[in-house]
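Here's the structure, in structure tokens; my notes come after.
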Amino acid sequence: MKITFPYMGTSNIVFKSIMEQLGHEVVVHKPSDRTLDLGTEYSPEFACIPFKILLGTFIEGLQDGADLIVTSGGKGPCRAGHYGQIQTDILEGLGYEFDMVIFEAITDSFKDFFGNIRKIAGPGPSWWSIFKLIKKEWNRLKALDDIERLSHKVRPRELERRATTKAFEEAQEIIAAAETEEEIEKAKEKGIELLKSVPQNEDYEPLKIGIIGEIYVVLEPFANFELEETLGEMGVEVDRSIYLTGWTKEHSFFSLHSEDKVEKAAEPYLDQLIGGHGQESVGNTVLYAENGFDGVIQLAPFTCIPEIVAKSILPKVSRDKDIPFLTIFIDEKTGKAGVSTRLEAFVDLLIQKRDKAREKIS
């Protein structure tokens, strides 16, 4: 069976590994301008950019012979919960023949969640072998997230431009090639060594900017114009509020009895779920301010209601917590040059603010 699925940051390495070990052929490509063009052509006009990129990804996969699409659902007041059904209707209307498996949160229905796993795995593998596979690939995902976090600390201090990016890409290849849990751990250690070996200015104190917003445009570099890499090469250390490992824990039984510090931080400004990551965007801005960050950048798909609500609240958070923020709404007409210009202006503002604060102290 040929399978395609959403391409989102480094997670594609893990999903590809799982599907191949279950005996499937994977047909998924890194999103490109062609992907977005295809998705835009066949999407409703006011669909958000994640919807359009995903639809374009699925069309490319089906053109390459995929007969099964695996994707995720969603709940609450957010359109993402309807993506799968709407995209199925569009693709069937274009004449494609395929099956689509939509994973909802495990807490919604254990039966449906594990039923979907069995649909993909087929009747052959035992549940024990499937569990071991998922456990191993979870470790791979954690390794990739840890390596990516480290790259954000190294990049603004690098002495040679793009040295961090090259080391990070090599580390991904090493982790992707690992076949056992022990090899994954060794690959992670090798990746850490590669990044730490990048020549750095150890005395440099970079600005620190937190990245908040909707999960897809935050995690997928194509959707956000490689924003983290761009900021890093401007000498800024970024901290991303969302990683797939953290998001998965928050939407599984791991979080049922845990206190959500982000939700608690948001309560004075937004005390209820509004769908998507709107409440998290507010709460994480509060936490970034309390942890001494210089600024926050909100990434949001154009027409995304949860992030629009969050944006309307962020000015008060900014005033109360003395933390500047920049909102970048993204659609198919957004260009990298325009985004880069706005980033440069925002960074200049933060540098001036920091310099004035230091002058007052001295």
Requested in this report: Please determine, by comparing only the residues of the range 303-362 that are of a type in the set (Phe, Trp, Tyr) and in contact with a Leu (Cβ under 7 Å, 6 or more places away or on another chain), which one is farthest from Ile212 (Cα to Cα).
Outcome: Phe346
Query raised in the report: Conditions: (1) in a helix (DSSP H, G or I); (2) surrounded by 18 or more Cβ atoms within 10 Å (Cβ to Cβ); (3) charged (D, E, K, R). Glu237 meets all but one. Number of the miss?
Result: (1)
Query - Odd one out for Glu263, checked against (1) surrounded by fewer than 21 Cβ atoms within 10 Å (Cβ to Cβ); (2) in contact (Cβ under 8 Å) with a residue 24 or more places away in the chain; (3) acidic (Asp, Glu) - result: (2)
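Listed here are the residues, each with its yes/no results for (1) basic (Lys, Arg); (2) under 22 Å from Ile13 (Cα atoms); (3) surrounded by fewer than 19 Cβ atoms within 10 Å (Cβ to Cβ).
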site	(1), (2), (3)
Ile134	no, yes, yes
Ala143	no, yes, no
Ile147	no, yes, no
Arg157	yes, no, no
Arg161	yes, no, yes
Phe168	no, yes, no
Report task. Would you check if Gly81 is outside the structural domain of Glu280 (by TED's automatic domain parsing), farther than 19 Å from Met19 by Cα, of a type outside the set (D, E, K, R) and in a loop (DSSP other than H, G, I, E, B)? Result -> no
Report summary line: Restricted to the range 185-214 and to residues being assigned to a helix (DSSP H, G or I) and closer than 19 Å to Val238 by Cβ, the residue farthest from the chain's Cα centre (by Cα) is Lys196
Query - Pairs, first surrounded by fewer than 21 Cβ atoms within 10 Å (Cβ to Cβ) in the range 1-17, second polar (S, T, N, Q), C-beta under 8 Å, six or more apart - result: Ile13/Gln172
Query - Scope the range 104-161; condition in contact (Cβ under 8 Å) with a residue 24 or more places away in the chain, out of contact with any Phe, Trp or Tyr (no Cβ under 7 Å at 6 or more places or on another chain) and β-branched (Val, Ile, Thr); matching residues - result: Ile120, Ile134, Val154
Query - Residue list for the range 191-234, restricted to those being among the charged types (D, E, K, R), over 30 Å from Thr35 (Cα atoms) and buried (at least 18 other Cβ atoms within 10 Å of the Cβ) - result: Lys208
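The values are calculated or read from the model by the stated rules, or taken from the named source; none is laboratory data. The structure presented is a predicted model; accordingly, all values stated were derived computationally and were not measured. Virtual Cβ from ideal backbone geometry, glycine too; neighbours counted across all protein chains shown.
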